[in-house]
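One structure below.
The values are calculated or read from the model by the stated rules, or taken from the named source; none is laboratory data. For clarity, every value in this text was computed on a predicted model and none was experimentally measured. Neighbour counts are summed over all protein chains in view; Cβ atoms, including those assigned to glycine, are modelled from backbone coordinates with ideal geometry. Note: areas computed on protein heavy atoms with side chains; ligands, DNA, RNA excluded. Shrake-Rupley method; radii C 1.70, N 1.55, O 1.52, S 1.80 Å.
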Amino acid sequence: QVQLVESGGGLVQAGGSLRLSCAASGGTFSHHVMGWFRQAPGEERVFVTAISRDGRLTEYADSVKGRFTISRDNAKNMVYVQMNSLEPEDTAVYYCAARRDFALGVWPSEYAYWGQGTQVTVSS
């Protein structure tokens with residue numbers, strides 16, 4: 001059983017940056033693909049980015065390409081997403097997720113473990 005705890009959310013002005021962190025425990029971190037999803041009020045949870053078990057492969061939603069960067073530190077059981085050039089449309093609760101597989105997943109149903117989420121609010 002993997003436990004995930006996100007941190008780093010907050011309020012930022014448009015054009016600003018935030019770095020979200022996710023601390024994992026209770027499993028073999030390097031055996032899990034890690035992903036970030038977000039959910040805005042009244043909307044479904046959607047894919048943001050994912051990273052392979054060894055950190056060599058990444059995937060991004062078109063809406064964040066060039067602005068967000070995912071990374072992981074397997075020695076520290078941590079995954080991060082650096083978010084730059086934030087836009088009001090990025091406002092959402094951001095969730096860290098883990099799946100014990102080789103392939104990167106882009107659907108919430110592909111991930112078995114979830115954090116509690118961290119709020120990101122971007123003001124215009």
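On a per residue basis, the chain carries 51 Å² of accessible surface, using protein heavy atoms and a 1.4 Å probe. Remark: the K65-S17 segment gains 15.8 nm on full extension, using 0.36 nm per residue and subtracting the alpha carbon distance. When only the Cβ of Lys, Arg, Asp and Glu is charged (+1, +1, -1, -1), the dipole of region 30-124 relative to its Cα centre reaches about 380 debye. The fraction of accessible area contributed by carbon and sulfur in the chain is 48 percent, rounded to a whole number (1.4 Å probe; ligands and nucleic acids excluded). The amide H of F68, built 1.01 Å from its N in the peptide plane, has N84 as neighbours under 5 Å, considering only residues 5 or more places off or on other chains. Considering only DSSP states other than H, G, I, E and B, which GluC sites (Glu not before Pro) in region 31-107 qualify as loop sites with at most 14 other Cβ atoms within 10 Å? Loop-located and lightly packed - E43, E44.
Per-residue surface analysis assigns R19 an accessible area of about 130 Å², computed on protein heavy atoms at 1.4 Å probe radius. Close amide H pairs (under 5 Å, H built 1.01 Å from N) link G27 with Q3, residues at least 5 positions away or on another chain. Mean-square fluctuation check for the chain, GNM, Cα pairs under 10 Å: which of P108, P88, P41 is largest? Answer for the Gaussian network model of the chain: P41. The alpha carbons of region 1-109 occupy a box of 37, 25, 23 Å along the principal axes, longest dimension given first.
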